[in-house]
Every structure is written in C-alpha cells, then in structure tokens.
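I have placed the structure first, in the form of structure tokens, so that the comments after it can refer back to it.
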Amino acid sequence: MDRRNFLSFTLGSLALAAIPASVKAEDFRKLKPSVWTAHTVEDAIKNMYGSTTLIEKGVKLKTPDVAANGGAIPVDFSTKIPAKTVAVFQDANPEAAVMVFDVTPYDMTDYSIKIKMGKPGTITIVVEGQDGKLYAAKKSLDVAKGGCEG
C-alpha cells in the first residue's frame, strides 16, 4: 500500500469514527414520563408535544385491515417531511404510547415495526416536523380473535 492510499484510508476511517460521537439520542421515558403512562392517544400526544393539533398529511401508514395475530401487527409508515421526532401511538392497550424516537437528516424515511394490540383500535403516527408542526396518519384495524383472521 502506498503512502497516499494509506493516508486516505486512515483519514476516512477517522471521519467515520467521529460520526457516532456526534449522534445524540434522547431518552423520552426519562424526559417525559407522563407520555408513557397516558391512557389516551390525545393525552399522550399532548404530554409529548404540548399540543394535539395534527395535520393529517405527509405521512403514509400501512397496516392490515384485520390483524391475524394481535401479538405482532405489522405497521409500515414513511414520510418525506424533514422531522425532529417520529412517534407511534395506539388506543387498544392501557397505555397509548408505543415508541418515540429522534430523527436526524441522515435517517431513513421508511419504517417497518410490529406492535401488540389486545383488541381492535386505531394506530396513530405523529411526525414532528423541523417546522414545529405535527403531521399525522391514522388507521383503524380489527384484531382477529384467536388468530387466523377469525
């Protein structure tokens, strides 16, 4: 390996090593504990963002109309909105908040998760835009009793 390649490789490696040090994740369970004990989606959103004014555009949400297994419901969502945070809420379980995470300009915009719901309900995705507005998508679904969609 010649000197030029070695220096290029070394500097590139150092740059990549420095990137994770600049990433900062918030622990929303510690910062906003009332979000995780709220029993309604509206209360959880208000406790998280201080407002419940949602703009229902800019967020795509896909779930089955009938979930065959309430223990692992696939939830796919995406957005092109420059975001600060993304949150998932549902109204079928005792606590409404499912997850909240920070978003950086380098994060992906397509998400795929599985959540647990004990009964039929509505899933709400909230994207806090860089502009401070709350964008959302909602979808109601049934949960089959006993699995196998019946």
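Please treat every number below as a calculation from the coordinates, not as lab data. Fair warning: this is a prediction, and the values are worked out from it, not measured in the lab. Cβ coordinates were reconstructed from backbone atoms using ideal geometry, including for glycine residues, and neighbour counts include every protein chain displayed.
Taking 7 Å steps out from each Cα toward its Cβ at LEU31 and LYS84 produces label points 0.9 nm apart. When peptides 101-108, 37-44 are ranked by their average number of other Cβ atoms within 10 Å per residue, the highest-first order is 37-44, 101-108. Each residue of the stretch 44-57 is assigned a 3J(HN,Hα), and the resulting list reads 5, 5, 5, 5, 7, 10, x, 8, 10, 7, 10, 9, 8, 7 Hz, derived from the Karplus form 6.51 cos²θ - 1.76 cosθ + 1.60 (θ = phi - 60°), x at Gly and Pro. Each part reduced to its alpha carbon centroid, the stretch 59-81 and the stretch 109-124 end up 5 Å apart. Annotation: amide H of LYS84 within the under-5 Å range of GLU128, GLY129, GLN130, sequence separation 5 or more or interchain, hydrogens built in the peptide plane. Subtracting the Cα-Cα distance of GLN130 and ASP107 from 0.36 nm times their residue separation leaves 6.9 nm of extension gain.
Rounded if a/c is under 1.5, else prolate if a/b is larger than b/c, else oblate: which is the stretch 24-94, with a ≥ b ≥ c the root eigenvalues of its Cα gyration tensor? Oblate shape, in that a/c is at least 1.5 and b/c is the bigger or equal ratio.
Residue by residue, the stretch 34-43 carries 3J(HN,Hα) couplings of 5, 5, 7, 10, 5, 9, 10, 4, 4, 5 Hz when phi is fed to the Karplus relation 6.51 cos²θ - 1.76 cosθ + 1.60 (θ = phi - 60°); x denotes Gly or Pro. Karplus-based coupling profile of the stretch 118-128, in residue order and whole Hz: x, 7, x, x, 10, 9, 10, 9, 10, 10, 7, with θ = phi - 60° in 6.51 cos²θ - 1.76 cosθ + 1.60 and x standing for Gly or Pro. Here the spin labels are modelled as points 7 Å beyond Cα on the Cα-Cβ line, and at ASN69 and SER51 they lie 4.0 nm apart.
For LYS32, the aspartates and glutamates whose Cα comes closer than 18 Å to its Cα, not counting residues fewer than 8 places off in the same chain, are GLU42, ASP43, GLU95, ASP102, GLU128. Checked against a 18 Å cut-off, the cross-linked pairs LYS84/LYS114; LYS116/LYS139; LYS57/LYS139; LYS62/LYS133; LYS62/LYS139; LYS30/LYS62 give Cα-Cα distances beyond that limit for LYS84/LYS114; LYS62/LYS133; LYS30/LYS62.
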